[in-house]
Amino acid sequence: MAEHQQLAGIMTDTSSRRIDLPLIDHHCHGLVETELSDDEFRSLATESDWPGPAGTDSLDSPFGLAVRRLCAPILGLEPLVPIDEYLAQRRNIGAGAANRLLLRSTGTTEFLLDTGIPDARLLDPTAMAACAGARTREIVRIETVAEHLASESTAAGFVSRLPEALADRSREAVGLKSIIAYRHGFDIPAERPTGREALKAADEWFRAATTTGTFRITDPVLLRFGLWAGIDTGLPIQLHTGYGDVDIELFRADPSRLTSLFRATRSLDIVFMLLHCYPFVREAGILAQIFPHVYLDVGLVSHYLGPGSGTAVRQAMEIAPFSKILYSSDSYGLGEHYAVSAANWRTSFAALMDEWVSSGWATPKDAEKIATMVASDNAKRVYKLDA
Amino acid sequence: MAEHQQLAGIMTDTSSRRIDLPLIDHHCHGLVETELSDDEFRSLATESDWPGPAGTDSLDSPFGLAVRRLCAPILGLEPLVPIDEYLAQRRNIGAGAANRLLLRSTGTTEFLLDTGIPDARLLDPTAMAACAGARTREIVRIETVAEHLASESTAAGFVSRLPEALADRSREAVGLKSIIAYRHGFDIPAERPTGREALKAADEWFRAATTTGTFRITDPVLLRFGLWAGIDTGLPIQLHTGYGDVDIELFRADPSRLTSLFRATRSLDIVFMLLHCYPFVREAGILAQIFPHVYLDVGLVSHYLGPGSGTAVRQAMEIAPFSKILYSSDSYGLGEHYAVSAANWRTSFAALMDEWVSSGWATPKDAEKIATMVASDNAKRVYKLDA
Amino acid sequence: MAEHQQLAGIMTDTSSRRIDLPLIDHHCHGLVETELSDDEFRSLATESDWPGPAGTDSLDSPFGLAVRRLCAPILGLEPLVPIDEYLAQRRNIGAGAANRLLLRSTGTTEFLLDTGIPDARLLDPTAMAACAGARTREIVRIETVAEHLASESTAAGFVSRLPEALADRSREAVGLKSIIAYRHGFDIPAERPTGREALKAADEWFRAATTTGTFRITDPVLLRFGLWAGIDTGLPIQLHTGYGDVDIELFRADPSRLTSLFRATRSLDIVFMLLHCYPFVREAGILAQIFPHVYLDVGLVSHYLGPGSGTAVRQAMEIAPFSKILYSSDSYGLGEHYAVSAANWRTSFAALMDEWVSSGWATPKDAEKIATMVASDNAKRVYKLDA
């Protein structure tokens, strides 16, 4: 980390200009440290739940190019070696050592980890800190807390105890996360459901669970009940928006469908972080300009777009104040996600700042200030990370 | 103005290439001439209704950079001076003189002013003409006329007299404006409401107004009733679409939701101007290609995107015939809006035309013709400004 | 063709870099060979159903520039001659000879023709093959088969015989096409309608047809019934999405509204081709990444965007695996559509590949492989064209 902390600002590096500031990755997940078969690697290298069609390779893709270009040298190979050579080298080095190299290539000083993905292979925040040589903090997923509570409660107990359970579970956390986008989409009323509404919905949920045997929260009243319990904690709330896996219906995950929620919560001393946003980055930027408590990032596409990730970075910078834009990678499982996102952000942001400076839109000092805000300062302020 | 009128075409200027043709700003509002505190300036420099979060400056933004880059030299400062120096200089010069300089920097020969914003500080068209040394014309806002009529009428009187009131009020105007996007969104039936439907809705509105004490038109039947009264005048109708203030739910302001209205009015000798359009510029371009009576602009983001405003200008030029694209700034309150929009359009459009010419897509004569159409000729034709 | 087949890869040509690989145009329509008046040419040169407003020329447009730049030299004129000279030369040469020159300029070895447009002037696949000196195959439009069957059947006969009629009609075809986007939009349930539902809807349709005298399928149950009959054939199904003529309400043609259909059909050994996609290219790319049986192209805007068509080509390459992206032109009527789409794709794709290679994102071999996949290999695989 020392090198990155010393070399503030926009630096020239051997291959191309990049911003060499320490990063805070305000939304990501844990790594998988177990050895992966090629198929398991490919499965973690896409948001798809299935292999590609016969006769194709899902790594013949923008992200596949990014792995070959950006990660191969980190593992001691030439850039753009064939993907099979890359995967062989990853196995030779071992998943643990490879992940360690990839993670440490990012220059990230702090990772805020959403621990809500139910994948037992994922490293927890402590193990992630050791692997990265960086600080980690936790983001607690509201729906995971709710589903866990439901599994050991009654309907009435669920409704009465969720606020306390969420407060308890997030005592050490710096923020919460909601996946309403996955479970229902954003067409929900803005208002907090009444206790009576919540109880009625919980009763139905628990009745259904007797049949299904699992508690998966999809009822919009219960999702809102959870979201408002989250709002009551006062912690920043991260919202998945836009692109994600097969559960998403994209048009329902357009963050502008949350406008009435943002109006209803404007004076509550709460903040919302719009995550990913692609292909609704412009909508998110507008919301971040209009609402003082709304922020955005373009994590996830920071790696999946490969050569095109700069497009998302630019769109994020079109209209929102610079204090409302954060860096994240939304990495999950593979060290490659963290490495590609950070490298892409560093070169894309440097290219944009270079362009602004060279064409007279900003001074070099402005550019460094803007880059520092997005790289870390905004996250420090909003999540109170220095406290 | 003389200089701009003489130097037609694409010219080289000291800093960068710009198009040096006279502009018609077919949609904007009046200036605020009173002296502004820094907070008041910031409030007028965003579509947000609230200050930014503590510890941030809402002018650390694309528009803030644009003010420092483009407006500072107009007020006698170096480009990119800190924003506080800029605001101090603006106060030293005085709001009136500063606005005069900023407005005259735009090379605009004619401003079409939407006078419907209820802000008593705004200059009227006559005062604007004096300040700008340019011609002004009026665009009458349908909803403002309707609300005013309601305040001095009965429900039955409102329904029977709105068409006449609108015709009277717009006798000297060159167009009308509707803000259905703000009040309800575009999910409305295309058909004219029947008199019976309008009367029923008006009855409810007047009953509610006895309680609220104000007439704010939000009922979709009444909004449509007003729109069709506007259509009956035969004047061009400007429609706010896309990005705007906190009242907008963006996805409801997608102009493609008006397709059935455009189908229903295609043969009525009426035209619709889609304003702003961001982030639905491509949708608007498609509609302007399909429907002979639909036009578009990218005002508002012409200044708020600052360094990125060229992106919107390019999107507007992707698919619509060049006869369907207009220049506007949607400026309001600050001379800086007019100055930034015009400067951005001039350099962005010049860059696009240069690119087309240098890569063989257009002759220099084509480029000048296209630029002249967008800068002024299309507005002259559609609004019959030479008549 | 020989020249194109020999010169594989990215080649330098006199004007600009272009990809000189044989193309398979996996979705287009037939040519009009009759002589066209200037008005008829203009009508075929836009998706609009009407002439532009008085005092304007609909060919003062991105596509008009493309015709003047790219097609004029093919007809023996200087690039960028005025459009009237171009139209005069086209008449001098004759529509048949001009179309032949334009079609053969494309380097297309195979055209997959949607024969469902009810325009008697259009060449059939055999005549198209002769004109182009290339192979043609047929894509059968589901709704056309359904409407034809209805016109000679009873409601009960329609329901019982549609699957067989579709199978019969497509015996020689390589794929099917559905225009649900035009007739209803994508807000349809994913499930196959029951026989009882289909019969009820057919009864109503046939009753209405006694009055209207025509069978135009717009009922969502019947549209789904047809789509599922298509799915049963096992052939690739092309879906119009996004931009099209006046019948489209764009937001309803967003392919992400089909997510539940894609989930419901994932394991059925069927593929869906999302056609055109503009302005939902990013949504389509996401769907093609998530679902192994979903593909996309940017035909139609490949010619209508003229100088901006490269934007759509780039968006298509942002997130989907390269095996999921195809070339098409969606040409219809004018040889100019085929010629402009192919030329635009060749130069836009070359520019993107050059950029990737020169900035280290891909090797020259990668670039050639990716280009070949999109140009023809993906189409060969999905439509089994070598079989």
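The values are calculated or read from the model by the stated rules, or taken from the named source; none is laboratory data. All values reported here derive from a predicted model rather than from experimental measurement. Glycine gets a Cβ as well: all are built from the backbone with ideal geometry, and neighbour counts include every protein chain shown. Protein only, heavy atoms only, side chains kept; ligands, DNA and RNA dropped before computing areas. Shrake-Rupley method; radii C 1.70, N 1.55, O 1.52, S 1.80 Å.
Computed from the C-beta positions of C:Arg91 and B:Glu85, the FRET efficiency with R₀ = 56 Å rounds to 0.30. Using a 10 Å cut-off around each Cβ of peptide C:269-278, what is the average number of partner chain Cβ atoms that fall inside? Mean partner shielding for this stretch: 1.
Once the other residues with Cβ under 12 Å from the Cβ of A:Pro279 are scored (Lys, Arg +1; Asp, Glu -1), what is the net sum? The partial results should precede the final answer.
Numbers: positive: A:Arg282, B:Arg282, C:Arg282; negative: A:Asp254, A:Glu283, C:Asp254, C:Glu283, C:Glu318.
Surrounding charge for A:Pro279 is -2.
Rounded to the nearest 0.05, the FRET efficiency derived from the C-beta distance between C:Arg207 and A:Arg216 at R0 = 56 Å is 0.80. Considering only C:Gly185, C:Gly213, C:Gly96, the mean-square fluctuation computed in a Gaussian network model of chain C, springs between alpha carbons under 10 angstrom, is largest for C:Gly213.
The order of the peptides C:241-247, B:49-55 by mean Cβ neighbours within 10 Å, most packed first, is C:241-247, B:49-55.
Can you list, largest first and rounded to whole Å, the semi-axes you get for the protein assembly as shown by taking the square root of 5 times each eigenvalue of its Cα gyration tensor? Before the final figure, lay out each step's value.
Working: eigenvalues 325, 324, 231 Å².
They are 40, 40, 34 Å, listed from largest to smallest.
Subtracting the Cα-Cα distance of A:Ala156 and A:Lys369 from their residue separation scaled by 0.36 nm leaves 71.6 nm. Sorted from shortest to longest, the distances between the A:Arg196 label points of this copy and the other copies are 3.7, 3.7 nm, with each point 7 Å from Cα along the line through the beta carbon.
Mind checking B:235-244 for the average number of partner chain beta-carbons within 10 Å of each residue's beta-carbon?
Numbers: counts 0, 0, 0, 0, 0, 0, 0, 3, 7, 2.
Mean number of neighbouring Cβ atoms from other chains: 1.
What the Kirkwood sum gives for the range C:57-111 is a hydrodynamic radius of 11.6 Å, with every pair of different alpha carbons counted. Cα convex hull, the range A:54-210: 188 Å³ per residue, rounded to a whole number. Between A:Glu283, A:Glu138, A:Glu40, the Gaussian network model of chain A with springs among Cα atoms under 10 angstrom shows the greatest mean-square fluctuation at A:Glu40. Only helical runs count toward this figure. For chain B, summing -39,500 (n - 2.57) over DSSP H runs of n ≥ 4 and dividing by all residues gives -13000 deg cm²/dmol at 222 nm.
Pairwise Cα separations in the range B:268-355 fall into 5 Å bins from 0 onward with the following percentages, short to long: 3, 16, 26, 24, 17, 9, 4, 1, 0. Candidates A:Leu31, A:His148, A:Ala120 compared by Cα position along the dipole of the range A:1-160: farthest toward the positive end lies A:Leu31, with charges placed on Cβ. Over the range C:122-222, the alpha carbon radius of gyration divided by the compact-protein estimate 2.2 N^0.38 Å works out to 1.23. Smallest Cβ-to-axis distance in chain A, for the rotation taking A to C: which residue, how many Å? Nearest Cβ to the rotation axis, residue and whole-Å distance: A:Phe251, 5. Please list log₁₀ I(q)/I(0) at q = 0.06, 0.09, 0.14 Å⁻¹ for chain A, using the Debye equation with identical point scatterers on the alpha-carbon positions. Computed log10 I(q)/I(0) values: -0.23, -0.52, -1.23. In nanometres and ascending order, the distances from the A:Ile117 label point to those of the other copies are 4.6, 4.6 (point 7 Å from Cα along Cα→Cβ). Remark: chain B carries 35 Å² of accessible area per residue (probe radius 1.4 Å; ligands, DNA and RNA excluded). In this assembly of identical copies, the label point of B:Pro82 (Cα plus 7 Å along Cα-to-Cβ) is separated from its counterparts by 5.9, 6.0 nm, sorted shortest first. When the solvent-accessible area of the protein assembly as shown is split by element, carbon and sulfur atoms take up 51 percent of it, the probe being 1.4 Å.
Extension gain, A:Ser267 to A:Glu47: 0.36 nm times the residue separation minus the Cα-Cα distance gives 75.6 nm. Heavy-atom accessible area, probed at 1.4 angstrom with all protein chains present, ranks B:Thr259, C:Thr34 as C:Thr34, B:Thr259, highest first. Taking the Cα centre of the range C:306-366 as reference, the dipole from Cβ charges on Lys and Arg (+1) and Asp and Glu (-1) amounts to some 100 debye. Summing charges over neighbours of B:Leu166, with a neighbour being any other residue whose Cβ is under 11 Å away from its Cβ, gives 0 when K and R count +1 and D and E count -1.
What total accessible area, in Å², is buried where chains B and C meet, using a 1.4 Å probe and rounding to the nearest 100? That pair of chains buries around 3100 Å² in total. Across the cross-link table entries A:Lys177/A:Lys369; B:Lys177/B:Lys369; C:Lys324/C:Lys369; A:Lys177/A:Lys200, which are compared at the Cα atoms, the separations over 18 Å belong to A:Lys177/A:Lys369; B:Lys177/B:Lys369; A:Lys177/A:Lys200. Of the residues in the range B:357-376, those shielded by at least 50 Å² of accessible area once partner protein chains are present, compared with the chain alone at a 1.4 Å probe, are B:Trp361.
Helices from chain A with mean Kyte-Doolittle at least -0.5 and a Cα length along the axis of 24 Å or more, per DSSP H: which? Don't skip to the end; give the middle numbers.
Numbers: long enough: A:195-212 (25 Å, -0.62); A:335-358 (34 Å, -0.10).
Qualifying helices, which must be both long enough and hydrophobic enough, are A:335-358.
The largest-to-smallest principal axis extents of the Cα set in the range B:193-304 are 43, 35, 21 Å. Of the residues B:Ser302, B:Ser331, B:Ser260, which exhibits the maximal mean-square fluctuation in a Gaussian network model of chain B defined by a 10 Å Cα contact cut-off? Most flexible of the set in this elastic network: B:Ser260.
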